[in-house]
Amino acid sequence: MARRNEPVDIPQVDELPGYPLPHERGRLIGHRATEEALLEAYRSKRLHHAWILGGAKGIGKATLAFRFAKFVIANPDRFGGSVASAPDLSVPEDHPVSRQVMSGGHPNILHLRRPWDEKAKRFKSDLPVDEVRRTVSFFGTTASAKAWRICIVDAADDMNASSANALLKILEEPPESCLFLVLSHAPGRLLPTIRSRCRRLDMPPLSADEIAIGLKELCNGDVPRAEDLMDLSQTADGSLRSAITLLSGDGLKIAKGVRQLAENSGQLDLAAVHALADLVAARGQADNWDSFQHVVDVWLHERLKKDIHAGIRTAYRYVELWESVKRSINASDALNLDRKQVVLDFFFALRTT
């Protein structure tokens, strides 16, 4: 949620300008089974204090986390009639809890994210230990016996070693009436000790129909043509966020260009590579850069799975290429290096692979 001392004119981390943030969303696209699992757990006699919501970035993990948090705070009695009769985790938008959360903050919700670096004028590259230690004061404050306090870690993948250990410490000795909702794009990479102290719910990618519904709601009805929607849903890899990003700027054009050049990397068209690199690195087109990263990530993942299933021993080269391009992207973002060179290096490395 927004912080009192945080500048109001800076974007929130992972914000898509013009689109609602997860805490502002009243509706969840898809994930009915996951929502039912949380509701049934809340009704049960033994509610686990920590949950990992796993799945690809942009499929609705944070939206579900805030939806669950609002429901719990609005219905503190787990065995009351309102919880027993609830068909889902929805809370009316005119409910005081909904209004407070959607307006930017609730005193019983702590939202941990990568903070803004005022000196560097950008968000920090990881979720530092000082952020996680805010849980000490958050859970240390007095609250009524029925008041739930909920910490949303968004996302746990951003934690460094120190912050992960700090989270582990409080998970080992949880306060009363608390819930931890730990969001992770790759739960298998989290510390085994953190995973062992949480219940894990994996959220599947959204279907093409669900992505179409989400786009219709969020894009003022401006849904792409059926043939483009199929390409979009495949390239977005079930992520509504990725679909929105691909629709911004030249996302679809970049997606088709990357796939075509990657599939024919043995006979690389250098002119087409340079043209694509210019498009990705165009000044002021951050969406194009994001689209390139996502498409490359999805394509490499698909190729890696394909080669592993086929028993091809050279599949490990794609792992090396995957790690190399990630390092190049991170270095480009951190040091403001030439993005065009990152694109060129990827295709040249792919050709040798």
Does residue 342 qualify as being within 18 Å of the chain's Cα centre (by Cα) and crowded, with 17+ Cβ neighbours inside 10 Å? no
Would you confirm whether or not segment 32-44 contains a residue that is in a loop (DSSP other than H, G, I, E, B) and either in contact with a Gly (Cβ under 8 Å, 6 or more places away or on another chain) or not assigned by TED's automatic domain parsing to the domain that holds residue 288 (or both)? yes
Could you list, in sequence order, all residues of segment 21-41 that are farther than 24 Å from residue 243 by Cα and surrounded by fewer than 19 Cβ atoms within 10 Å (Cβ to Cβ)? 36, 37, 39, 40, 41
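Filter segment 119-129 down to the residues that are in contact (Cβ under 8 Å) with a residue 12 or more places away in the chain and not β-branched (Val, Ile, Thr) and list them by number. So that I can check it myself, show each step before the final result.
Of the residues in segment 119-129, the ones in contact (Cβ under 8 Å) with a residue 12 or more places away in the chain are 123, 125-129.
Matches in segment 119-129: 123, 125, 126, 127, 128.
The values are calculated or read from the model by the stated rules, or taken from the named source; none is laboratory data. Predicted model only: the values in this text are computed from it and were never measured. Every residue, glycine among them, receives a Cβ derived from its backbone with ideal geometry; neighbour counts consider all protein chains shown.
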